[in-house]
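Values in this text are rule-based calculations from the coordinates and carry no lab data. All values reported here derive from a predicted model rather than from experimental measurement. Please note: Cβ atoms are built from the backbone with ideal geometry, for glycine as well, and neighbour counts cover all protein chains shown.
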Amino acid sequence: MFIALFLTILTSFWFWRIIDNNFILGILLVIDSFLIYKMIFLREETTRGLHISILSFFIIIFLIQLKAGYYWGIWVFSPTERIPFDNRHNYLSSDLGPLYQNKASTFFYTKMTYQLTKYNQNIFYNLDPNLYFFASHPLERQNVDEFNKYSPFVLPLFLIGIIGIFKTGAHFFAIAYGLVIIFASGFVQPNYISGPVLFFPVINSIIAKGLVVTFSFVKKRFKNSE
Amino acid sequence: MSKKIVFILILILSIGGFLRFFNLEKIPLGLNTDEASLGYNAYSILLTGMDEYGKAFPIYFRSFGNFQSPLYTYLSVPIISIFGLSVLTTRALSALSGVIIILLSFLIVYKGFKIKAIEISLTSAFVIAISPWAIFFSRIALEANLGLMLILLAFFLVISSLEKPRMLVISSLVLALSTYAYHAERILAILFFCSFLSLFIKSFIKNKKILVFSLLLFFSLQIPQFLLFNTSAFNKRFNEVNYLKEEVFLNEGGELKNIFLGKYIFIAERFTSRYISYFSPKNLFIDLNVNLSAMPNMSMFYSWMVIPLVAGLIKLFVVRSKTWAKTLLLLMFLSPIPAAITREPFYTFRTLPLFWCISITIAIGILEILRKISSLYLKMTIITIILIVSLGSFYISYFIFFKYEQNKGYNYQYIQLIKKTEQLRNVNFMVDSARVPSLYILAAFYNKINPNLIQEQSRSRQILKEYYTNSKINDNDVEVENVSFHLDWGSTCRTNLIIAGDFLAISDDQAKDHHLSLAFEINDSNGQAYLKGYSTNPFDKGCGNK
């Protein structure tokens, strides 16, 4: 199983890009991938120590990413974003009248709406399968250096791995961890040079699981045919 | 069904109906040219039995070099005959289809799926009633919405046929009709019908006569379309939008051009990426690039719906062996195929059946989550807050932002210009239509021009002889009463003429050079002049006695 994971990591374009940009981050993510794989798919072997290790790795990786991409993640308007935002302020004022023209509403719109919208967008961008297997094609994002993370041929293995999770169910800690990385990833700008690295260990684990299941299936068929 | 259930269903239908019909003629603000073409052709069929080109009861309606599916136009005829030609009557069929979709959602889950828990049926109907995609697509004259309604009706009938085989005959008829409603349904109907029959062949093989008759009925009703198979009418749109052609591969194939079987890898890659994009949470739950097929600040579903969607998918996976789950999953996975073989990324019009399937899955997920909450008070609080936030954000996105930001896409300013031409009937107008090439149809629609006048111009251009085959004839060179739609600077020597257009058509320098006087301005939603009308001054220009 760990061989499958190792193969998955080594053959992914993403791993080499991360190593190229930040060697230490790459090593941390590889170790984290093994820990995550154990947590999701080898539940009987999980221990409290494993959970603490995973959490520690998450915090370190998140801080590395946050340092590079937090400010631009949700706090900065581009000019193309600013113009419609300002226009909508006028539309709301015109149509909603006193319902909008009060301190609370205008504060919410001018100080919070943009950040909440960006945060929401960042989360959903990271949940896009095309981001990982097709470099966001056919809806490539503006001003973002889209790059191939995995070969499209690996997609079936990923889907088999997802079915594997559905079949075996997921440990509570795994579900919680999944939610944490989803919500945490929203704080980082989408065009962070190494991509949404918090998802790197999880996706590797799922693909590796798919590889293991496929290999087992083929092996079984081969034995039966003999 | 108890009275309480009927009451709740009527309440849901009322909410859905209100969201679809409220201010329908005003929002979207304006009318896009496809809607105008649908409405005006229905008007023309009503008065003359022919479309705007003079073709009697066409199988496909020619529309600015493309071809529209006919069913929406024909079904709009009775509505327009009773209530007259207007924006409301043109959109009414789509809105009505939207309300019927809510009812069908209830019936499919309650009667078709035979899920005992009535709350799933009611929740399904309610989710459809308030889903952004369902409301948005019901509020424009959209053939795809009518197509969805027919697909769902056929879906209901075909599931029912597992117990009552004779329903298969009616379902094949309805499925065949759906192929005349929208182009994507031509592919989906065949795929779904054949797949469903294959999946449940053991049930149908016992009634071979009914099975054979249904298949024959379905395919024989396709004959009018098959007869046009090699014409532009049948395949022009597909030829324009698909990526299966050699030239697309040569332009976009990249390194695959040098690989053995590279073209097939290219096609497989394109298909898979597009197919997956229709299931992507990014595209389903957050703001797309704003265009006519989406609202500002909102995508097809509310963001919070991703949570019940996951719960619903898990539930579907668990019960996947059940008949209803199999049929729902079948429709879900077949629905994106017509869209996935085209070039446009996430073209929502072509995948309405998928959004319906996702909505039902969301409804299942909502109930799975609510069942885990024991406190009724907490359940009601969560539901209330979510509803208020959802409907509030929908109101803002659609009734405010969309109204202002998309009015150019719905030609609002040009419609004001056309109304101006109607007010000034004694003046001749020359309107630049470079940005909206089919502008004449808006004039014909709003001024309710006698179709004979438009048809005569088409006859003179020999369009009828090559109606289905030659889409390249320039059929935009039409004059409507006192308005022509081409700018001719040589005409600035004419009196009693107003030249109108945007700043790209008529710059300030050009107006000065041709001695034009500003007659009026039409503003955009931000209050800035978007269109200007200039009257000619031939004497000032030195045109002599003209």
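General remarks:
- Kirkwood radius for the range B:1-94, taken over all pairs of different Cα atoms as the inverse mean of 1/r, rounds to 14.7 Å.
- Here the scattering of the range B:228-301 is modelled by Debye summation over its C-alpha atoms, one equal scatterer each and no solvent; at q = 0.16, 0.23, 0.25 Å⁻¹ the log10 of I(q)/I(0) is -0.82, -0.97, -1.01.
- Rounded tilt (10° steps) of B:262-277 against the dominant C-alpha axis of chain B: 80 degrees
- Excluding same-chain neighbours fewer than eight residues apart, the aspartates and glutamates reachable from B:K465 by a Cα-Cα span under 19 Å are B:D51, B:E52, B:E456, B:D475, B:D477.
- Average projection area in nm² (convex hull over Cα atoms of the range B:364-427, one quarter of hull surface): 6.8 nm²
- Simple label model, 7 Å out from Cα along Cβ direction - B:K512 to B:M1, nm: 7.0 nm
- For chain B, the list of Cys residues with no other Cys C-beta under 4.7 Å reads B:C194, B:C357.
- Kirkwood-Stokes translational diffusion coefficient of the range B:100-246, alpha-carbon pairs, 37 °C, 0.692 mPa s, µm²/s: 197 µm²/s
- B:Y377/A:T106 FRET efficiency (R0 30 Å; Cβ-Cβ; nearest 0.05): 0.35
- Calculated FRET efficiency for the pair A:Y119/A:D145, C-beta based, R₀ 30 Å, to 0.05: 0.90
- Least to most buried among A:Y132, B:Y40, A:Y109 (fewest other Cβ within 10 Å first): A:Y109, A:Y132, B:Y40
- Legend: distances between Cα atoms for B:K114/B:K326; B:K164/B:K208; B:K202/B:K322; A:K111/B:K408; B:K512/B:K532; pairs beyond 19 Å are A:K111/B:K408.
- Summarising the overall dimensions of the range A:154-226 from its C-alpha atoms, the Rg and Dmax are 15.7, 54 angstrom.
- Principal-axis tilt of helix B:306-318 within chain B, Cα atoms, nearest 10 degrees: 40 degrees
- Share of pairwise Cα separations in the protein assembly as shown, more than 46 Å, in percent: 29 percent
- nm² value of the averaged projected area, convex hull over the Cα atoms of the range B:406-532: 8.8 nm²
- Taking a straight Cα-Cα cut-off under 21 Å and skipping sequence neighbours fewer than 8 places away in the same chain, the lysines within cross-link reach of B:K282 are A:K118, A:K149.
- Across q = 0.16 Å⁻¹, the range B:218-352 modelled as identical point scatterers on its alpha-carbon atoms has Debye log10 I(q)/I(0) values of -1.06, in the order of the q list.
- Annotation: lysines with alpha-carbon distance below 18 angstrom to B:K403 (same-chain offsets under eight excluded): B:K26.
- Neighbour-count order for B:Y440, A:Y192, fewest beta carbons within 10 angstrom listed first: A:Y192, B:Y440
- Vicinal HN-Hα couplings computed from phi for the range B:137-149 (Karplus, 6.51 cos²θ - 1.76 cosθ + 1.60; Hz; Gly/Pro x): 6, 7, 9, 10, 5, 10, 4, 4, 5, 5, x, 4, 4
- Between B:F520 and B:G533, the built amide H atoms are under 5 Å apart, and every one of these is 5 or more places off in sequence or on another chain.
- The relative contact order of chain B, computed from alpha carbon pairs under 8 Å that lie at least 6 residues apart in sequence, is 17 percent.
- Kirkwood estimate for chain A, i.e. one over the average of 1/r between Cα atoms, Å: 19.5 Å
- Here the gap between B:E521 and B:T323, fully extended at 0.36 nm per residue and compared with their Cα-Cα distance, gives a gain of 65.1 nm.
- Here's how it looks for B:I498: its modeled amide H is under 5 Å from those of B:N428, B:F429, B:M430, which are all 5 or more places away or on a different chain.
- Taking each DSSP H run with n ≥ 4 as -39500 (n - 2.57) and averaging over every residue of chain A yields -23000 deg cm²/dmol at 222 nm.
- Spacing of the two label points (7 Å from each Cα toward its C-beta) at A:S94 and B:F333, in nm: 4.9 nm
- Here, chain B has an Rg and a Dmax of 25.8, 89 Å when only alpha carbons are counted.
- Inter-chain neighbour count for A:123-132: the average number of beta-carbon atoms from partner chains within 10 Å of each residue's beta-carbon is 6.
- The angle between the Cα long axis of helix A:200-225 and the longest principal axis of the Cα atoms of chain A comes to about 30 degrees, rounded to the nearest 10.
- Taking a ≥ b ≥ c as the square roots of the eigenvalues of the Cα gyration tensor, the range B:400-443 is classed as oblate, since a/c reaches at least 1.5 and a/b does not exceed b/c.
- Placing dummy labels 7 Å off each Cα toward the beta-carbon, the span from A:I19 to B:Q222 is 5.2 nm.
- Residues B:E25, B:E255, arranged from fewest to most other Cβ atoms within 10 angstrom of their Cβ, appear as B:E255, B:E25.
- Restraint check, A:K167/A:K209; B:K55/B:K236; B:K116/B:K379; B:K420/B:K541, Cα-Cα greater than 23 Å: B:K420/B:K541
- Kirkwood Rh in Å, taken over the range B:55-113 so that all alpha-carbon pairs contribute: 13.5 Å
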